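Structure, as structure tokens:
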Amino acid sequence: MNGAKPGRRPRKKHFPIEALEPRELMTASPAFAPAIVADAGADRPPAAIGRLRAGVQTSWDATDLARRPPPAHQAARPAPQSHRRGKAGPSYDLAVQFSYVTSPGNASVGIHGFTPPSQATVPAQPGGDTYQELGGVPYVYAIGRTEITAGQYVTFLNKVDPKGENPVQPYTNVRLWVEDFSPVLNPFSGQINFVEDADPGSHYRLAADFWRDKPLVNANLFHFAYFANSLYNGSTVAADDARGRSPLGFPVRTQARYVDLSTRIDTGMYDLRDANYPFFTRLDTSGYVIPSEDEWVKAAYFSPRPTGNGTHYYYYPTVADAPPTPLHTGGDRPTVDALGNVVRANLTPGVAYANYHDKVFWQPPYAPPSTDPGANVVSVGQASTLSPWLTYDQAGNVVEFTDTITAAPAYEINPHGLPVYVKAHGGIASAPDWQLWLTATGTTDPYGQRAGFTDTQGGSRFGYLPDAKADRKLPNSRRATPSRFASPPASAGLVYRLLDLASREVVSTPDLAAAVRLAAAPTSYTYLGAIAGPKA
């Protein structure tokens, strides 16, 4: 979504993205990081909620299942024989940080879509086309603490497509790598190079290391669903539990889950193999998912104790009823640097921050100055502003896909009447504050996003539906070791090849900025792709 008014079709803009290493989330700015204490015990009752000023965060102590083999999260195995002293443990490709959202059976809140939230409008009275009830979830679940990053997606690509074939996926007609990911063809927000002549498992590389911890952009829901299936079908080899404290004072269980990804991506939690794929029906009651709308909203806005506004839901996903302070790149004390990293030293302690309101302007150093004037993303989690359940960036940065389907708008060409739209929440880097509202969702467009629509503004995060029996068998990560895919490579040493249309000769350059300049003249040059330097 962009800053257009509700009901107007969004203008496509360009943004970039990144990712966070799991342990970095535990070492956020001391003024904002929750106190994390190792504790694998059951959740304790919520403590009393401290008073919060509007817009300010106080410091804190911190369906029908076919017969098929059980997915990896249910077959989570105890420490194998290799865990004996002196031998390496199981390997993992990805470590994902989660927060557990408790208070099952909480009541939903009634809203009218895009109506400014206030005590006069929330809870809303039932009736009318815009009335919805959001946020009620009858079970305990976990949600990713950060948005899915470009670095995590590179790990996924290299694991599931080690030969670099990048085939068209059946039925969805999606390729896992698309040209909008290319830094040559999309220098402002292209985060991932495809390298044709490379060793197996290294055909996909970060365009630059500063993209590693940025949210993945230029993807659509199918990309995220294939990624979720890889997690679901993979093997969870370890998990580390910790205890955090909400800004509201109650304890929150956090967990890092270490997963050996599966190359089976066409089915799993979502069956993408046949014409039913637009429905995005979950096929299991436990395992890795894309969060539903209610799961997303509860994690972002819900408090188990009254908020002071007459409901259990804050109006903004920053534990407040007033908008957060926008991050910015200008002025004497910029809070974001020239590569999209938050400058923590320039943050005011106790203030809630978010990347929205068209204040963050930076672009890759290889991009021409005139590429795009739009706002850009920042590294996930760095602003250290939390939701009630210790998640980051549910306000701004990228608008996030959920797996909740919704009707297509009236103007959509949809002869079979398929529900090919899904709900999205959260607002983007150029969003006005209404995109952050609790009420910023409609029953169709806007804030229903077409499932196959690729846009630079869309992202997502993972969710996890617990399997208590399997999870009890998981060892901690003490002996788990990262696989060769776990640290995605950057693009140092690549050679970019372009065809000179006048001379019909191939031009090769190791300079990404030069390749970008040549590719920007499509009547003169055609980009052929990147190859590994030693093989050029």
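A few notes on this one:
- Residues with amide H under 5 Å from that of R145, placed H, sequence gap 5 or more: Q97, F98, S99
- Computed log₁₀ I(q)/I(0) - Debye formula, equal Cα scatterers, no solvent, the stretch 494-535, q 0.16, 0.26 Å⁻¹: -0.34, -0.83
- Taking the C-alpha atoms of the stretch 150-247, convex hull volume expressed per residue in Å³: 152 Å³
- Charge-dipole axis of the stretch 265-338 as Lys and Arg at +1 and Asp and Glu at -1 on Cβ define it, positive-most pick from P278, Y313, V297: Y313
- A Stokes-Einstein calculation at 4 °C with viscosity 1.567 mPa s, built on the Kirkwood radius of the stretch 250-390 over Cα pairs, returns a diffusion coefficient of 70 µm²/s.
- Label-point separation in nm, S503 to D274, each point 7 Å along Cα→Cβ: 5.6 nm
- Base-10 log of normalised Debye intensity for the stretch 110-202 (one unit scatterer per alpha-carbon) at q = 0.20 Å⁻¹: -0.97
- Distance cut-off 16 Å, percentage of C-alpha pairs in the stretch 107-158 lying past it: 61 percent
- Debye log10 I(q)/I(0) at q = 0.18, 0.20, 0.27 Å⁻¹ for the stretch 331-401, Cα point scatterers: -0.73, -0.88, -1.38
- Pairwise centroid distance, computed over Cα atoms, of the stretch 376-405 with the stretch 494-536, Å: 36 Å
- Highest-first packing order for the peptide set 471-483, 208-220 is 208-220, 471-483, based on the mean count of other beta carbon atoms within 10 Å.
- Subset of K298/K423; K214/K359; K298/K359 violating a 25 Å alpha-carbon distance limit: K298/K359
- Convex hull projection area averaged over all views, the stretch 195-308, Cα basis, nm²: 10.9 nm²
Values quoted throughout were computed directly from the atomic coordinates according to the rules given, and no laboratory measurement underlies them. If you're wondering where the values come from, they're calculated on a predicted model, not measured in any experiment. Counting neighbours? That spans all protein chains shown, and the Cβs are built from the backbone with ideal geometry, glycine included.
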